[in-house]
Structure formats: C-alpha cells, structure tokens
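Scroll down for the structure; my scribbles are underneath it.
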2 protein chains.
Amino acid sequence: MADTISFARGAPSLDIVDVDGLRDSAVAAFTNDPGGVTGYGTSIGYPPLRRWIAEQHGVQEAQVLVTNGSMQADAFLFSTLVAAGDPVVVEKPTYDRTLLNLRSLGADVRMVSLQTDGIDVDELAALLQSGVKPKLVHIIPNFQNPAGYTLSPDKRTALLALAAEHGFTIFEDDPYRHIRFSGEDIPTMIERDEADSVVYASSFSKTVCPGIRVGYLVGPKPLIAQIQKLATNTYISPSMVSQAIVHEFCASGAIDRSIETVKAALAERVQALTTALGEHLPEAVYQAPEGGYFMWVTLPEDADVDALFEAVKERGVQFVKGSDFLLEGGHNMLRLAYSGVTVDRIDEGVARLADAYRSISGAPAAA
Amino acid sequence: MADTISFARGAPSLDIVDVDGLRDSAVAAFTNDPGGVTGYGTSIGYPPLRRWIAEQHGVQEAQVLVTNGSMQADAFLFSTLVAAGDPVVVEKPTYDRTLLNLRSLGADVRMVSLQTDGIDVDELAALLQSGVKPKLVHIIPNFQNPAGYTLSPDKRTALLALAAEHGFTIFEDDPYRHIRFSGEDIPTMIERDEADSVVYASSFSKTVCPGIRVGYLVGPKPLIAQIQKLATNTYISPSMVSQAIVHEFCASGAIDRSIETVKAALAERVQALTTALGEHLPEAVYQAPEGGYFMWVTLPEDADVDALFEAVKERGVQFVKGSDFLLEGGHNMLRLAYSGVTVDRIDEGVARLADAYRSISGAPAAA
C-alpha cells in the first residue's frame, strides 16, 4: 500500500507546531513558579493562565474555568445542564463527538440545518415556535467542524435574540476563531451577550498543540462555580504543568508567532486542496473555508461515500464520512481535514481520492 | 495571627519536589519525542509511560490506562462499575473524596472498621455472610489515608479469598506504597490476584509532584478497554505533555532519587511529630506510620474536635477533622498530614495544637 495520506484527523502536522517555543515555555514555567507548577493548585485552573484568558475575553476571572482540553469542558457543561430527555439543538452536520456525548446523556438531539453562513435561524425559530424548549443550542461559530462554515454577524444577532426570548443557553464552541487566514474576524456572541445566555468554550489545541490538553469555559459566575465543584470532585485540579506551559507560551508572545505559522500553512493547504479538487475531482461541491481545519465536500447525489471510504483506504488515503456528523443521511458527503497534510502531499491525496471515486462510480477520469 | 502551619493538605512541601529534575525531564520530552508529546495521542495514555508502568507491575500494556491524576481514574472506575443503590465497602475511616464521590453516585456505602493492620476482615466476612453483595471493596493498603495504617500480608490473602468467593472487585488504591521509610515492602494484591478480582490505581503525585496530574489504573483487559472508551469520550486523551515529562523523569532515574528525598524527609517529620506530641500533647493516641503522608490521632473521648478545629485555626494551625472521613462519629479524632510541614515547624505546630486543646478542655498544660 502507498504511504498513508490522512485527511481524517483534525490535528496539526508537526511542522506547524512550535516545539522549541514549547520547550522554552516549559523551562520558564518550572523556573518562574516552581510552587505553582508542581503543587495541586485548584480545579479552577492555573491562576495566571486563567487571568490571561479573562483579559483576552474582557471578563472577570470568576467567569473562567480552565480544563484538561475543551472536550472535558464540554463534558462538565453537558452533565451540569443537560438531563436525559432534555431537548438540545445542534447544527446539521456537527462535530461527531458532541453528537455522541449528547446522545450518551440521553438528550433529545434536534439538528437544525447549517448553511454556508451558519445555522438556519429561521428553521430554529420555527422549531422553537413549535413548542420545543431546548436547554442548550450548540454552535461552532467559526470554521465549523465538520463544514468549515462561519456564522454571519446577523445570524449571531438573531441567535442572541432567540436565546433571550426563549430562555435557552447558547453554547458557543469556538476553538478555531484565531485560525482565520482570510476575511475579517467577527465578534463573539459572548462578548455581545447581555442576558447571560452564552457559555463559551475554547482550546489551545489549535494555537499551541493538542497534546498539551488545555481548554476552557467562560460563562456566568454561578454556573462556573457549580462546574468548579464538579471539577474538584472529578480530578481535584487539571494539570498545572500543562497550563503553566501554555501560560508562558502566551505571555512570551510565542502564541502569536505560532498562530501566524499555522494560518500561513493552512491558507496554502486550502489553496492546494481547491486546486487539486478542481483538477482531479471537479464533481466535488464545497465552499472554501476562510480558516480552521476542515472542508465539507458534497459529491453527486448517487455517490456512495461508504464505498469510497473503503476504496480510498486501499489507496492509503483517509477521510471521515459525512454520515458520522449527522443523525441520518450524508451518504454523498465527506469531511476533508487539511490541518495534518503538508502541502506537498495534498495533490497526491486528492488524485488518489479521485481515482477511488472513478473506480466505484465507473465514471471516466476528469480532464 | 501567627504564620499558618497546615497539617491539613496531603501534599508535599516544595523543598522535597525535584523541580530541576522536572525541568530537565520537560526539555528531554520535547527534544526526544516532539510528535508524541505535542500530538493528541490516545485515551490510553502516553505509550512509553504506559509501557514503563506495565513493566513495573509485570502486567501487559493492555491492562494499563494512564489518566489525568488518579482521582480521574477513580471517577472512571466508579462510573463504570457502580450504579445507584449498589453496595460498596470502604474502610472506616477512609479518604473523604472517595466517600463523597461514592455517595454522589448514590452507592450504598458500607464502612468496615480499619485496624492498625488494615481492614477488619472478620467484620467484612460477617457483612458478606449477612447477604450484602458489594460491587467493590475499596482498600488503601499502604499508609492509609487518613489513618496511616498498612494492610498486613495475611489480611491481603484473606481479602483475595473473600473476593474470589463472593465475586466482588477489590479496588486497591495505592498511591503511597513507594513512600515507605521504615519496615518492609509488602507485595500488592494485584500481583497475587489469580481471579481478575483486583483493579489497582496509583499516582505520581507523591513520587514526582501533584501538579503534573498523572495517575493510572491497572486491571483486567476487558475492563480497561471499557474505561478507555469512556476516557475517549470524556477528553479524547489525557495530557501527553504531563505524561511524557513523567516518563522522562522515570526513565532517567530521577524518580528514584526523588523517592529517596521524600522518604528521608518524611521519616524525619514523623520523628519530630511523635516527639512533639509526646512533649506537648501526651493524651494523643496514634500509631506512628511507616510511610506515607498521614497520622491519625485519637484524643480523649470527651474531646471536641470541632471546637479544637476553630481554636487552633485562631492560632494559625490547620488539620482535617476525623468526622470528614466517616459517615458518623469521629468527634475526638483528627488527621495530621506531615507531608507539607517542614521539620523546623512541626514542634511549633504541635505546641499550638496542644495550647488550643488546653484552652477548650480546661485541662492543665502537660509537663
């Protein structure tokens, strides 16, 4: 089998991780604050990092809880707010792990269509009008996983109004915001929230590295205090070592350089990906993302992505099937993650994908 | 108020943490395995550390799951094995967080008396004979928290026999084993287990440092595989950075030097503590521990530890009340943690404790 080219995992290739900066940050952490780094600390997180995050968001420290990765933050939030049978709205499609965890909790998961400018707020409004009272509406506003789409400013306004009117919490799950390589940054919903309707989560996986496992929640103080108790009982405190390294990485400015590196590489990869798709697989329909890790691809209606998955695996290429991000459907859709594939491998990966597609559809090769 | 002397927290003072060794280990981790350290890894843990742990225990790697601290391991185990209403046996007294978490799960917690050589196996046998069918029997075998007592070899044999006969799981919760400063090491139950009756947990909090938050479970392969799925859904993977630092600390031999430092300091502190109690508070009854962090102190029957707690707090001294480790009783008992108090402060701390005791009991000062 040919060497593997994986468009499956939403993770950075090693060439865009600042390993030297991380090593320097680790040295600085143990040197500058040995007691804080090696001691238990508290479940609220490493205080200097928590303070840095609060300043970034313009909120009080008591509104921030730092966790071992943002999935852990999600898990705490869901187990605090969502009980079995509770309606929860998610985007269609949405992140497969979110879908899995909400279903494990027994939530009544309602998917609302995602458009290229974000969730269909009219469809959501109709659902709310029909009497469904969601506890939570989960939104990935920037460069959504899996679709790569971004929620427009107008739709953010509309969502805030719906939340205030119907009394649900918007869970603004925003790990990709800082990885924008084209277009203009859009203000978050939490910074415009005047009704304590929004809980915000983010992560340093995309701006520092995934293996550090540092994420966080920002929300109303009483909710954060409640989740802090749950965190204490679960693990006493999150890794002070990991968080102190992230803090040094942020405070030293290494994070800004890291973000520039990541953005430049991802912009180049999206360019290579769209060029390769145009050449090898012109049937593919997509909107090129302005940031983040993912591109959502729709193939012709009669395409069988299950079969494509197997055929391309034989050719050493991996992706995630669209159906993994949906409760039903998605048979002709797939997610391509370009974060882990260096630019010199993208054309080859897409060529193999196109070859596999021809092999199962019997269609002639393009061009 | 006088400077605070805290016998409350089971945490090491900074002077016995090898900060330089940790910094060197961090540098080595980022240098030797940048991809493994910075990438997501998997929920099973950082593979080289997992392998090192498996070798230490003489088990297969598939029997080991590394977590963000051993409390997280406990939480995974409890939520996998214990449902509301399930009987669970714990020692009387036992670790307050374990008690809290089992009660939060709605377990039917049964406490069985702890003797100076470990849990009263006759009392446990009688409970089992009465028809109680525990899912789990939680045992802290070495230098128990809060009592400092160690389970004898004969009682380990008896527990394994009871587990095989009655079909319960022994949860051998063993973070203090390597911190033995007198007497002989006793083989673990898991290494003598022939019936897959034992799940073992430990931690690097006492041998490396708490802020690194690395603990682990060892158990039967199917159970570990089941918990791995739960771990994946909870946080994708634990901190690779923390675990890789621990791995370098272990592989380089720094851990052995760290353990020697900790043991020497703790032995000296126990000596100082017993000397000070003999001098200032001869009413105190205790068994001096052969390892670990804690000493359990029983005062005369008419002592009021709630009042003592307040009186000594005014004098700048903290401890944990015995009642925190029990479902009921313990009004004249307390836990003294000597791990966080340097030897030069112990006499002063005990003198203040004795002074507070005299102030509330009206008894004359000793000597």
From the options B:Gly36, B:Gly41, residue that is of a type outside the set (D, E, K, R), part of a loop (DSSP other than H, G, I, E, B) and within 11 Å of another protein chain (Cβ to nearest Cβ): B:Gly41
Scan of segment A:230-251 for residues that are without any contact (Cβ under 8 Å) to a residue 12 or more places away in the chain and either in contact with a His (Cβ under 7 Å, 6 or more places away or on another chain) or not polar (S, T, N, Q) (or both), ordered by number: none
For segment A:175-210, give me each residue that is among the hydroxyl-bearing types (Ser, Thr, Tyr) and either assigned to a loop (DSSP other than H, G, I, E, B) or away from chain B (no Cβ under 14 Å) (or both). A:Tyr176, A:Ser182, A:Thr188, A:Ser197, A:Tyr200, A:Ser202, A:Ser205, A:Thr207
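To keep it simple, each residue is scored yes or no on (1) in contact (Cβ under 8 Å) with a residue 40 or more places away in the chain; (2) of a type outside the set (Phe, Trp, Tyr); (3) surrounded by 17 or more Cβ atoms within 10 Å (Cβ to Cβ); (4) more than 14 Å from every other protein chain (Cβ to nearest Cβ).
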| site | (1), (2), (3), (4) |
| --- | --- |
| A:Asp117 | no, yes, no, yes |
| A:Asp122 | no, yes, no, yes |
| A:Phe143 | yes, no, yes, yes |
| A:Leu151 | no, yes, yes, yes |
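Do you know which residues across segment B:300-334 are more than 22 Å from the chain's Cα centre (by Cα) and not in a loop (DSSP other than H, G, I, E, B)?
Residues satisfying the conditions are B:Val305, B:Asp306, B:Ala307, B:Leu308, B:Phe309, B:Glu310, B:Ala311, B:Val312, B:Lys313, B:Glu314, B:Val317.
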Determine which single condition A:Ser359 fails, assuming it passes every other condition in (1) exposed (fewer than 15 other Cβ atoms within 10 Å of the Cβ); (2) over 26 Å from A:Gly21 (Cβ atoms). (1)
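Does B:Asp86 satisfy the criteria of being farther than 21 Å from A:Thr67 by Cα, charged (D, E, K, R) and under 18 Å from the mean Cα position of the chain (by Cα)?
Details: farther than 21 Å from A:Thr67 by Cα: yes; charged (D, E, K, R): yes; under 18 Å from the mean Cα position of the chain (by Cα): no.
The answer is no for B:Asp86.
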So B:Gly292, is it touching a Phe, Trp or Tyr at 6+ places or on another chain (Cβ under 6 Å), in contact (Cβ under 8 Å) with a residue 60 or more places away in the chain and crowded, with 20+ Cβ neighbours inside 10 Å: yes
Listed residues B:Arg23, B:Arg9; which is facing another protein chain (nearest Cβ under 8 Å) and at pLDDT below 95? B:Arg9
Residues of segment A:319-330 being surrounded by fewer than 18 Cβ atoms within 10 Å (Cβ to Cβ) and in contact with a Ser or Thr (Cβ under 9 Å, 6 or more places away or on another chain), which ones? A:Gly329
When you look at A:Tyr200, is it in contact with a helix residue (DSSP H, G or I) (Cβ under 6 Å, 6 or more places away or on another chain) and under 21 Å from A:Ser237 (Cβ atoms), yes or no? no
Looking at segment B:89-96, is at least one residue at pLDDT 95 or above, farther than 30 Å from B:Ser113 by Cβ and within 14 Å of chain A (Cβ to nearest Cβ)? no
Given the condition under 27 Å from the mean Cα position of the chain (by Cα), at positive phi, of a type outside the set (Lys, Arg) and part of a loop (DSSP other than H, G, I, E, B), answer yes or no: does some residue in segment A:354-364 qualify? no
Those residues of segment B:55-69 that are in contact (Cβ under 8 Å) with a residue 40 or more places away in the chain and in a helix (DSSP H, G or I) come to a total of 3
Among what's in segment A:211-236 and is more than 10 Å from every other protein chain (Cβ to nearest Cβ) and in contact with a Phe, Trp or Tyr (Cβ under 8 Å, 6 or more places away or on another chain), pick the residue that is surrounded by the fewest Cβ atoms within 10 Å (Cβ to Cβ). A:Ile227
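Any residue in segment A:238-253 that is exposed (fewer than 15 other Cβ atoms within 10 Å of the Cβ), assigned to a helix (DSSP H, G or I) and more than 20 Å from the chain's Cα centre (by Cα)?
As a first pass, look at segment A:238-253 and keep what is exposed (fewer than 15 other Cβ atoms within 10 Å of the Cβ): A:252-253.
Filter once more, keeping what is assigned to a helix (DSSP H, G or I): none.
Checked against the condition, which is being exposed (fewer than 15 other Cβ atoms within 10 Å of the Cβ), assigned to a helix (DSSP H, G or I) and more than 20 Å from the chain's Cα centre (by Cα), segment A:238-253 yields no hits at all.
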Does A:Val297 qualify as being more than 14 Å from chain B (Cβ to nearest Cβ), closer than 21 Å to A:Tyr95 by Cβ and either in contact (Cβ under 8 Å) with a residue 24 or more places away in the chain or surrounded by fewer than 24 Cβ atoms within 10 Å (Cβ to Cβ) (or both)? yes
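The values are calculated or read from the model by the stated rules, or taken from the named source; none is laboratory data. Worth saying up front: this structure is predicted, and the values here are computed from it rather than measured. Note: ideal-geometry Cβ built from the backbone for every residue, glycine included; neighbour counts use all protein chains shown.
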